[in-house]
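Below: one structure, written as structure tokens.
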Amino acid sequence: MAFEIENKRFNVNTEGVFIFSESFTQSCIGFSKFDFHYKPYTDHKIQHISLDMSTTSSDNNLAVSVSAQFHNGGNKKIHSDSFVNVVAMAQTGAKDSDILLTNLEGISRGNDKIITVPTSSKKNEAVFLSGFNYSYGKKDHQVNEISALLSTQAINENQVQIKGDAIMKNTHGDSGDGTLAAGYTNAVDTSQLYCLHDLGSFQYPKTTHVVPNFKPPEGYDWEQLQIVVTDFKAAFPKGDHNINTLSTGVDTWTAKVEKDGSVTLTLRNPCTLMFNQTGIMEQQDNAKSYVMLAALAPALS
């Protein structure tokens, strides 16, 4: 048995397939980046923003369908070259009860999810975004803030509560009810199929950022790591605005294992962006906006 993890770009409202080395018994998905936008050099209000990713599996294939909405109350819709960089992970071979990979939907403030897990330890626990749905209802409005927050809390040794909060609002009192979808993975220490490292919060647009060296346990292939988005927030400095683009995540990354076993991780553009493209340029406040990331590395084969 093994833990495999891959990353592939999908244009919105398309389908694709991840092919693992052998058949798998459990899997889950998240993303390392999404970029939603209207037609270039246009700005509009927002009525509905959503990302819905569904999967079907057969043998060693995991088919992923990526559906997205980003539109106002009229006929202005998401541009076809908007995309999501999907991260898919699977536990191949015979099922291992010491590891859990799953996805959950419909998480929101006051609507937590309780799941049974192999351990409530947070050492190898990751919860990360796999979708969202924000809506102002029957009308469209300008935006001041959009955010998605996930957290977990142990109930007992084998149960965990997953909490979430999805916010879309402006300064005039308009707010959009939101729900989140999440990927979740957890494993007891002895499984050693993967290793998790929480990277923290970033806001470095148009910048290559080097994460300070960290020294993980031996036995993992950190040069093959993948990164997932766990939380994000986009906020304008003040006021409400039409927008052209909402984007969060990291473009690309490289990892180098040093002679002493520590890992140097270089991230390209880890940030959350929200901006317009006409009239007076308005963009996210980098002091308020951020993306939170986590890295997962498979065990060395």
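Just so you know, all these numbers are worked out from the coordinates, no wet-lab data involved. Quantities reported herein were computed from a predicted structural model and do not represent experimental measurements. Backbone-built Cβ (ideal geometry, glycine too); neighbour counts: all protein chains shown.
Side notes on the structure shown:
- Gap separating the Cα centres of the stretch 226-280 and the stretch 71-144, nearest whole Å: 17
- Cα-centred dipole magnitude for the stretch 2-298, charges only on beta-carbon of K, R (+1) and D, E (-1), debye, nearest 20: 880
- Other residues with beta-carbon under 14 Å from the beta-carbon of Gly73 carry, at +1 per Lys or Arg and -1 per Asp or Glu, a net charge of +3.
- Principal axis dimensions, largest first and in whole angstrom, of the stretch 60-152 by Cα: 50, 34, 19
- Radius 14 Å from Cβ of Val210, net charge of other residues (Lys, Arg +1; Asp, Glu -1): +1
- Using C-alpha pairs below 8 Å separated by at least 6 residues, the relative contact order for the stretch 1-109 is 45 percent.
- Seen from Leu267, the other residues with C-beta closer than 12 Å to its C-beta sum to a net charge of +1, counting Lys and Arg as +1 and Asp and Glu as -1.
- Shape summary of the stretch 95-134, radius of gyration then Dmax from alpha carbon positions: 12.0, 36 Å.
- Entries of Lys123/Lys163; Lys139/Lys169; Lys33/Lys233; Lys215/Lys288; Lys8/Lys45 with Cα pairs more than 20 Å apart: Lys215/Lys288; Lys8/Lys45
- Using a cutoff of 8 angstrom between alpha carbon atoms and counting only pairs six or more residues apart, the relative contact order for the stretch 159-301 works out to 34 percent.
- A straight Cα-to-Cα reach below 12 Å connects Lys113 with the aspartates and glutamates Glu105, residues fewer than 8 places away in its own chain not being considered.
- ³J(HN,Hα) computed for each position of the stretch 42-50 - Karplus, 6.51 cos²θ - 1.76 cosθ + 1.60, integer Hz, glycine/proline x: 9, 10, 8, 5, 10, 10, 8, 10, 8
- Orientation-averaged projected area, Cα convex hull of the stretch 196-301 (nm²): 7.2
- A Gaussian network model of the chain, with springs between Cα atoms under 10 Å, assigns the largest mean-square fluctuation among Ala88, Ala154, Ala287 to Ala287.
- Where labels lie 7 Å past Cα in the beta-carbon direction, separation of Lys39 and Ile19 in nm: 3.8
- Annotation: amide H of Ser289 within the under-5 Å range of Ala235, sequence separation 5 or more or interchain, hydrogens built in the peptide plane.
- Contour excess over end-to-end distance, with Cα ends at Ser97 and Lys122 and 0.36 nm allotted per residue: 7.3 nm
- FRET efficiency for Asn213 and Lys8, using Cβ-Cβ distance with R0 set to 25 Å, rounded to 0.05: 0.30
- Fraction in percent of alpha-carbon pairs per bin - 10 Å, the stretch 2-298: 6, 28, 35, 22, 8, 1
- Each label was represented as a point 7 Å from its Cα along the Cα-to-Cβ direction; for Glu223 and Lys256 these points are 1.2 nm apart.
- Descending semi-axes in Å of the stretch 185-239, equivalent ellipsoid built from Cα gyration tensor: 30, 15, 9
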